[in-house]
Amino acid sequence: LLIPLMALLIRWLVPSLTGQLADRLDFDLVPYYPVIISYFFVMLVPLMFGMVIGFLLLDERDDQTLAALQVTPLSMANYLAYRIATPMLLSIALLLAVIPLTGLNRIGFLPLLLVSLGAAPLAPVFALFLATFAANKVQGFALMKGLGAVLIAPVVAFFVASGWQLAFGLMPTYWPVKVYWLLDAGRTDIWGFYIAGLLYQFVLLILLLRRFDRVLHR
């Protein structure tokens, strides 16, 4: 509910703010619409779903639920596949619904679907990061605060010359938002960024799954 409300608030506030900035300061906010959408939706939606799943995994780990699963017919691999797939599917569906709701989106459904598919793996990456590196929910909340850098970095990258932007690629959030910016600008040279982003997120998922398995069995 929070994300759709945020989209409606942006739909109402940003055009008004754009007009006021143009009249009073002669500043055009329109070129920065992609930054607004990429920050509040392309990155934040997967983060929120990842946070929910991450804290669920922390609870289940602390309650020994995950340990109990290992003696049931449901394998740990199948359970984790379910936990990974759920936030990804929810992220895709919500991104496709709320980004057009903002009234700021300038790309069509298929390009938006491409962006949503590219951003969706961020959700399980965030979830497994929390479940792997936090010993409890208190540490989980501390880690969530630290993830602010992961969200801010691509926003900073928008204002950096394109050659140096790749340095921000260390943050997995950079790649899907870069694809969105390119599509918004009417560019078609997205595939290198798109594939690199998916491969990077896939590698992170594999590494986090392996570490999560070690955490469960230590």
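The values are calculated or read from the model by the stated rules, or taken from the named source; none is laboratory data. Bear in mind the structure is a predicted one, so any value in this text is a computation, not a measurement. Don't worry about glycine lacking a Cβ; one is built from the backbone with ideal geometry, like all the others, and counts go over all protein chains shown. The protein model used for the area step is the full one, side chains on, heavy atoms only, and it has no ligands, DNA or RNA in it. Shrake-Rupley method; radii C 1.70, N 1.55, O 1.52, S 1.80 Å.
Here are the numbers:
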{"read-out": "Percentage relative contact order, the chain, counting C-alpha pairs under 8 Å, at least six apart", "value": "27"}
{"read-out": "Accessible heavy-atom area order of L2, L216, L95, highest first, probe of 1.4 Å", "value": "L2, L216, L95"}
{"read-out": "D28, D184, reordered so the largest accessible area comes first (probe 1.4 Å)", "value": "D28, D184"}
{"read-out": "The chain - percent of accessible surface contributed by carbon and sulfur, probe 1.4 Å", "value": "71"}
{"read-out": "Angle between the chain longest axis and helix 109-119 axis [Cα atoms, degrees, rounded to 10]", "value": "40"}
{"read-out": "Neighbourhood charge, 14 Å Cβ-Cβ cut-off, centred on A77 and excluding it, Lys, Arg +1 and Asp, Glu -1", "value": "+1"}
{"read-out": "Label corresponding to percent of Cα pairs over 28 Å apart when calculated from the structure given, among [x] 24; [y] 33; [z] 18", "value": "[y]"}
{"read-out": "Helix 76-101 axis, angle to the chain major axis (alpha carbon atoms, nearest 10°)", "value": "20"}
{"read-out": "Sites T188 and V156, calculated FRET efficiency, Cβ-Cβ separation with R0 22 Å, nearest 0.05", "value": "0.30"}
{"read-out": "Accessible area (Å², per residue) of segment 66-217, counting only protein heavy atoms and a probe of 1.4 Å", "value": "49"}
{"read-out": "Heavy atoms of R211: accessible area, 1.4 Å probe, square angstrom to 10", "value": "80"}
{"read-out": "13 Å beta-carbon shell around S162, net charge (K/R +1, D/E -1)", "value": "+1"}
{"read-out": "Sparse-neighbour loop sites [trypsin sites (Lys or Arg not before Pro); segment 73-144; at most 14 other C-beta within 10 Å; DSSP]", "value": "R106"}
{"read-out": "Principal-axis tilt of helix 122-133 within the chain, Cα atoms, nearest 10 degrees", "value": "40"}
{"read-out": "Highest average packing first - 157-165, 122-130, Cβ atoms within 10 Å", "value": "122-130, 157-165"}
{"read-out": "Summed side-chain charge close to P111 - residues other than P111 whose Cβ falls under 11 Å, Lys, Arg +1, Asp, Glu -1", "value": "+1"}
{"read-out": "For the chain, calculated [θ]222 nm from helices alone, where every DSSP H run of n ≥ 4 adds -39500 (n - 2.57)", "value": "-24500 deg cm²/dmol"}
